[in-house]
Amino acid sequence: MKAVYERPRTLRDTPMHYCPGCGHSIIHKLLSQSIDELGIRERTIVVAPVGCSVLIYNYLDCDGSEAAHGRAQAVATGLKRARPECVVVSYQGDGDLAAIGTAETIHAANRGEKFSVIFVNNAIYGMTGGQMAPTTLAGQPTKTTPFGRDPKEIGPPLRMCELLSGLEAPAYIERVSVHDVKNVLRTKKAIKKALKNQIEGAGYSFVEVLSMCPTNWGMTTRQASSWIEENMIPYYPLGVYKDRGKERNAK
Amino acid sequence: MKDPERVVIAKECCKGCELCIDACPRGVLEMSEEINSSGYHYSVFANKKDCNSCTLCAVICPDMCIEVYK
Ligand SMILES: Cc1ncc(C[n+]2csc(CCOP(=O)(O)OP(=O)(O)O)c2C)c(N)n1
Ligand code: SF4
């Protein structure tokens, strides 16, 4: 018999610290598979955020750099401009990318920096114990909004794909999810495309991944998957928000 | 050497999230009665005859505990 599914070369054979059923670990695997398939492990640099995925450099066997909270895309900008032959990936949570790092995100996108972003939207601050994130849904209870987020008081949840697709420069923006097998396979395609865009010099590519945080949502892993389907996707519709490659081909 | 089984699950690496159980379209996997050294019930390759090596359990496994052979 032949192996039809095995550990990608880029994903180190070491246990990950993530909670059971955490979407981060699935996304690490998909990123590793994409790096393998494109044969770019030796020239890939993954910029780690602050958040649960701060330890991504322990799991991916490629180059990496740690950034201060929210500053991953500023670091990625420097790396990509200094070493344009490298494939630079900024991997960030929603607190990192859409709260403390909003300015870095918007300006990197607006400059059309030629790196790829993986944005893990789990609607909460995972690492610090479940405080409200900019992406927390209306009515969603968290440690800092025990009665649910009230949009009248703190504004509605930020939709980053929609926001960034209003800018001219980004090349590719898509929202995907990892709550079931079908969507995991779609997410893999999106991540690979974001890397391929970079190899081809296409410019800023942004993949938002809806991801489970069963621990801080106070749910079982199965409930967390259903919660994405029933609550997150209606507010954060999946799909391609921008694809300049396609637009170019259509002309 | 004996051929490996279609599905090989690293029981010590399983965190018992059960996502593979739902992913398998043929109901092949089951959760163990026992716990592993981390204290989790782990996924077991149970109804072996029904498996067609579709890989879906491995695709969803967050911890890369499942290898599939065909
Ligand atoms: C400058 C600074 N402010 C605040 C913190 C505390 N802090 C650590 S992680 C985090 C939020 C992480 O949430 P998110 O980016 O959503 O990632 P997740 O853990 O959910 O994957 C915060 C506020 C910090 N480390 N540094
Ligand atoms: S707290 Fe949430 S995001 Fe962090 S490892 Fe656990 S499940 Fe994942």
Only one of these is out of contact with any strand residue (DSSP E or B) (no Cβ under 8 Å at 6 or more places or on another chain) and either at pLDDT below 95 or of a type in the set (Phe, Trp, Tyr) (or both): A:Tyr57, A:Tyr91, A:Tyr18, A:Tyr5. Name it. A:Tyr18
Of the conditions (1) more than 16 Å from ligand 2 (Cβ to nearest atom); (2) more than 19 Å from A:Leu164 (Cα to Cα), A:Val54 clears all except one; give me its number. (1)
Provide a single number: the residues in region A:3-29 that are more than 7 Å from chain B (Cβ to nearest Cβ) and closer than 25 Å to B:Pro4 by Cα. 6
Considering only residues that are in contact (Cβ under 8 Å) with a residue 60 or more places away in the chain and over 11 Å from the mean Cα position of the chain (by Cα), which ones fall in region B:50-70? B:Tyr69, B:Lys70
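Tell me, please, whether a residue that is within 21 Å of A:Gln33 (Cβ to Cβ), open to solvent by 30 Å² or more (accessible area, probe 1.4 Å) and more than 9 Å from chain A (Cβ to nearest Cβ) can be found in region B:21-37.
Narrowing region B:21-37 to residues within 21 Å of A:Gln33 (Cβ to Cβ): B:23-24.
With the extra rule that they be open to solvent by 30 Å² or more (accessible area, probe 1.4 Å), the set shrinks to none.
No, region B:21-37 has no match at all.
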When the residues of region A:25-51 are narrowed to those that are within 16 Å of ligand 2 (Cβ to nearest atom) and open to solvent by 10 Å² or more (accessible area, probe 1.4 Å), which ends up nearest to A:Pro15 (Cα to Cα)? A:Gly51
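For region A:143-153, enumerate the residues that are part of a loop (DSSP other than H, G, I, E, B) and either within 14 Å of ligand 2 (Cβ to nearest atom) or out of contact with any strand residue (DSSP E or B) (no Cβ under 6 Å at 6 or more places or on another chain) (or both).
Within region A:143-153, A:Lys143, A:Thr145, A:Pro146, A:Phe147, A:Gly148, A:Asp150 qualify.
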B:Asn52 fails exactly one of the following numbered conditions: (1) open to solvent by less than 50 Å² (accessible area, probe 1.4 Å); (2) more than 9 Å from chain A (Cβ to nearest Cβ); (3) not charged (D, E, K, R). What is the number of that condition? (1)
If the requirement is being surrounded by 19 or more Cβ atoms within 10 Å (Cβ to Cβ) and not hydrophobic (A, V, I, L, M, F, W, C), which of these qualifies: A:Thr135, A:Thr220? A:Thr135
I'd like the residue in region A:223-244 that is open to solvent by 30 Å² or more (accessible area, probe 1.4 Å) and of a type in the set (Phe, Trp, Tyr) and, out of all such residues, is nearest to A:Pro134 (Cα to Cα). A:Tyr235
Among the residues of region A:163-178, what is the count of those that are in contact with a strand residue (DSSP E or B) (Cβ under 7 Å, 6 or more places away or on another chain) and open to solvent by 10 Å² or more (accessible area, probe 1.4 Å)? 2
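The values are calculated or read from the model by the stated rules, or taken from the named source; none is laboratory data. Nothing here was measured: the structure is a model prediction, and the numbers come from that model. Glycine gets a Cβ as well: all are built from the backbone with ideal geometry, and neighbour counts include every protein chain shown. For accessibility, only protein heavy atoms count, side chains too; no ligands or nucleic acids. Shrake-Rupley method; radii C 1.70, N 1.55, O 1.52, S 1.80 Å.
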